[in-house]
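Q: Let me begin by handing over the structure; questions about it come next.
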Amino acid sequence: SYRDRIRNFCIIAHIDHGKSTLADRLLELTGTLSERELKDQVLDSMDLERERGITIKSHAIRMKYRARDGEEYILNLIDTPGHVDFTYEVSRALKACEGAILVVDASQGIEAQTISNLYLALGHDLEIIPVLNKVDLPNARPDEVAQSIEELIGEPAEDILRISAKTGEGVPELLERIVQRIPPPKGDPEAPLRALVFDSVFDTYRGAVVYVRVFEGTLKTGERIRFMSNGREYVAEEIGILRLERQPVEMLRAGEVGYVIGSIKDIRSARVGDTITHAHRPASEPIPGFRQVKPMVFSGVFPTNPEQYEELRASLEKLQLNDASLTFTPETSAALGFGFRIGFLGLLHMEIVQERLEREFGLDIITTVPNVEYQVVLRSGEVITVDNPSEMPDAGKIAEIREPYVRADIITPTEYIGPLMQLCQDRRGVYRNQVYLDRTRVNLQYELPLAEIIFDFYDKLKSVSRGYASFDYEILDYRPSDLVRLDILINGEPVDALSTIVHRSKAYEVGRKLTQKLRELIPRQLFDVAIQAAIGSRVIARETIKALRKDVTAKCYGGDVTRKRKLLERQKEGKKRMKQVGRVEVPQEAFLAVLSVG
Ligand code: GTP
């Protein structure tokens, strides 16, 4: 059958282990594109992506490969995003494949995302082809790393391919192995249609371009299709395969990968994970596993200039066209005025959105400290969700607050186990297990509150391990915690945008440091300014900014501005951004001050 000569696969790897470079080599060796066309790595296209070197959006590409058995094969390479924020997208991309190439940098060894991606791939029963990459590097340790891969997945160390994606060494053998080891797709082309949406992008002229893997049935141009999660119907005006560009074809059969265009105006109608079927002969069940991705991290975003409010809304709507996981609702802050509360998949997603708002849309924005979403059980028995600290009900009304927990894998050389365990302890982590990957490297498994890792956990982890530890996580569940709302009052007035939710055991320390920090950040005024931290009506810390004396020239800002996070660094020019809170001028930095006291 035609299916015997199709191979659908993806490449999974820890960041920087060479996934994009390997994809380029495969495209080159199969003549899909020339060396000249390769001067940019083609699989990630967005500007921002390029800069960050992280594949954010997955795409697919089809290659033809004449194997040594003389047959011509169709290889569909499905690109997967590499970052924890996009786990669900990775999982859907994997679902579209029968096999995965697991790339491990032979100079670095197994890292956290090697493991998390491997688990995901095994969860989808994929055939795993491990490869050792960068064997051209003088500090490559292929034997040692091969040994730890053998221990991890059972592939005999001597069988593991050693390649250099950079020079091309070993890549022809990898192509052969793809054909030999990865099973061809199954599925009946006559059955009712079931096509998995593994990605979608928005095209200004054509609407949503939906990337699909057909599992059963055959989809033809002009047919009426239905999205099974929401019942919406469209005409498949164009269907095609993905070469370097879209290439229309008449039909896509079971086992094939391609795209569908059908005047779908709203990308949120074409969600990743959904199943497309025929309107006239629908499948009885969708492909399992569809879920709406839920934002996990929230932050308020306000225009510095109130007149830019409508512009901010329009920009967010534009961003949403291409980013179905971005959510926002209007928010009004007594301190910051009109703005939006935005939900993000994670911290990286948040940084990307904030950066795009500023760079692509030229907006001046003030952002508040990111927080997680809480489940709050009221004394009345009602359960509400709170994604904004200033909306946390008064303590007297609350029976219980629950917060999201994650399961974290931290991979580290053994000498950093101590400091890393200390770090997890400080962040209220619950120790679960430690697994040795080889003599020198260990996987520490912890359960941690998400709120404790969204600030600066990653940076701390990198600094205590001198950059050697890597980290990945997945959301586990919600658990009750002893949390309180910490309010900040300026001259007796609570400033809603400065409220945070903290663990009771840390409230005093955070309150003290935060008031101190604010005293440094808020410029002196012509009158004394009192800064207080309070839990409910109880003040737990207080600082005073003394009034400016007339003969003092306005040297306002405190010197100690240690910004460890990039997030803060980005706000450098934000110094001049001031918000009038009551009679007091408050700089943007003050709204992120809690980040530096954690
Ligand atoms: P993300 O997109 O960030 O996940 O990274 P990636 O896994 O796609 O890695 P990428 O292909 O961008 O490679 C990371 C770096 O390693 C680049 O500077 C590559 O040039 C380099 N690199 C990749 N493969 C090899 C190799 O075989 N040998 C050497 N020496 N360098 C390589």
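Q: What FRET efficiency comes out for residue 474 versus residue 527 if R0 is 45 angstrom and r is the Cβ-Cβ distance? Round to the nearest 0.05.
A: On the way: r = 51 Å, r/R0 = 1.13.
Between residue 474 and residue 527 the formula returns 0.35.
Q: State the extension gain, in nm to one decimal, for the chain segment bounded by residue 159 and residue 466, taking 0.36 nm per residue of separation less the distance between their alpha-carbons. Please list the in-between numbers first.
A: Numbers: separation 307, 0.36 × 307 = 110.52 nm, distance 3.30 nm.
Value of the extension gain: 107.2 nm.
Q: Next question, about the same structure. Toward the positive end of the charge dipole of region 378-512, about the Cα centre and with charges on Cβ (Lys, Arg +1; Asp, Glu -1), which of 448, 396, 423 goes farthest?
A: 423
Q: For the chain, what is the mean residue ellipticity at 222 nm derived from helices alone (per DSSP H run of n ≥ 4: -39500 (n - 2.57); sum divided by total residues; nearest 500 deg cm²/dmol)?
A: Details: 13 runs with 132 residues, N = 598.
Taking each H run of at least 4 residues, the total per residue is -6500 deg cm²/dmol.
Q: In debye, nearest 20: dipole of the chain around its Cα centre with unit charges on the Cβ of K, R (+) and D, E (-)?
A: Details: 82 positive and 91 negative charges, 343 e Å.
That gives a dipole near 1640 debye.
Q: Using amide H atoms built 1.01 Å from N in the peptide plane, name the residues 5+ places from residue 141, or on other chains, whose amide H lies under 5 Å from its own.
A: 107
Q: Do any GluC sites (Glu not before Pro) in region 369-430 lie in a DSSP loop with no more than 10 other beta carbon atoms within 10 Å, and if so, which?
A: Values: sites: 373, 382, 391, 400, 415; in loops: 373, 382.
Counting only loop positions with at most 10 other Cβ atoms within 10 Å, the GluC sites (Glu not before Pro) in region 369-430 are 382.
Q: Compute the angle between helix 171-181 and the longest alpha-carbon principal axis of the chain, please, reported from 0 to 90 degrees and rounded to the nearest 10.
A: The angle comes out at about 80 degrees.
Q: Tell me the accessible surface of residue 361 in square angstrom (1.4 angstrom probe, heavy atoms of protein chains only), to the nearest ten.
A: We get 50 Å² for residue 361.
Q: Within region 163-219, what whole-number % of the accessible surface is contributed by carbon and sulfur, with the 1.4 Å probe and all protein chains included in the calculation? Each step should come with its number before you reach the end.
A: Working: 1080 of 2130 Å².
Summing carbon and sulfur atoms, their accessible area is 51 percent of the total for region 163-219.
Q: For the chain, find the longest principal axis of its Cα atoms and tell me its angle to the long axis of helix 19-29, 0 to 90°, nearest 10.
A: That helix lies at roughly 30 degrees to the long axis.
Q: Once you order the gyration tensor axes a ≥ b ≥ c over the Cα atoms, which shape class does the chain get: rounded for a/c under 1.5, otherwise prolate or oblate by comparing a/b with b/c?
A: Working: a/c = 2.09, a/b = 1.62, b/c = 1.29.
The shape class here is prolate.
Q: How many Å² of accessible area per residue for region 77-131, probe 1.4 Å? Each step should come with its number before you reach the end.
A: Working: 1080 Å² over 55 residues.
It amounts to 20 Å² per residue over region 77-131.
Q: Now a separate question. Write down the accessible area per residue of region 162-313 in Å², having rolled a 1.4 Å probe over the full set of protein chains.
A: Values: 6550 Å² over 152 residues.
Result: 43 Å² per residue.
Q: Give the ranking of 351, 250, 144 by solvent-accessible surface, highest area first, calculated with a 1.4 Å probe. Don't jump to the answer; show the numbers that get you there.
A: Values: 351 15, 250 135, 144 65 Å².
Ranking 351, 250, 144 by accessible area, largest first, yields 250, 144, 351.
Q: Under the rule a/c < 1.5 gives rounded, and otherwise a/b versus b/c splits prolate from oblate, where does region 175-294 land using the Cα gyration tensor?
A: Values: a/c = 1.44, a/b = 1.26, b/c = 1.15.
Rounded shape, in that the Cα axes give a/c under 1.5.
Q: For helix 347-359, report the angle its Cα long axis makes with the longest principal axis of the Cα atoms of the chain; keep it between 0 and 90° and round to the nearest 10°.
A: Helix 347-359 and the main axis of the chain meet at about 80 degrees.
Q: Quick check: with the 1.4 Å probe, what order do 296, 228, 63 take by accessible area, largest first?
A: 228, 296, 63
Q: Can you tell me the FRET efficiency between residue 285 and residue 360 if r is taken as the Cβ-Cβ distance and R0 is 30 Å, rounded to the nearest 0.05?
A: Numbers: r = 41 Å, r/R0 = 1.36.
Given R0 = 30 Å and the Cβ-Cβ separation, E is 0.15.
Q: Another one. Hey, any idea what % of region 347-464's accessible area is carbon plus sulfur with a 1.4 Å probe?
A: Values: 2230 of 4680 Å².
Here carbon and sulfur together make up 48 percent of the probe-accessible area.
Q: At what distance in nm do the modelled label points of residue 1 and residue 430 sit from each other, each positioned 7 Å from its Cα along Cα→Cβ?
A: It is 4.6 nm.
Q: Taking a probe of 1.4 Å, how large is the accessible area per residue of region 446-497, in Å²?
A: Working: 2090 Å² over 52 residues.
Ligands and nucleic acids excluded, the figure is 40 Å² per residue.
Q: Something else about it: Using 26 Å as the Cα-Cα cut-off, could you pick out the over-long pairs in 460/506; 513/579; 265/294; 462/506; 95/460; 186/265? Can you show the working numbers first?
A: Numbers: 460/506 18 Å; 513/579 22 Å; 265/294 22 Å; 462/506 23 Å; 95/460 34 Å; 186/265 32 Å.
Correct reply: 95/460; 186/265.
The values are calculated or read from the model by the stated rules, or taken from the named source; none is laboratory data. The structure displayed is predicted, hence computed values, not measured ones. Methodologically, a virtual Cβ is constructed for each residue, glycine included, from the backbone with ideal geometry; neighbour enumeration extends over all protein chains shown. With ligands, DNA and RNA removed, areas are computed over all heavy atoms of the protein, side chains included. Shrake-Rupley method; radii C 1.70, N 1.55, O 1.52, S 1.80 Å.
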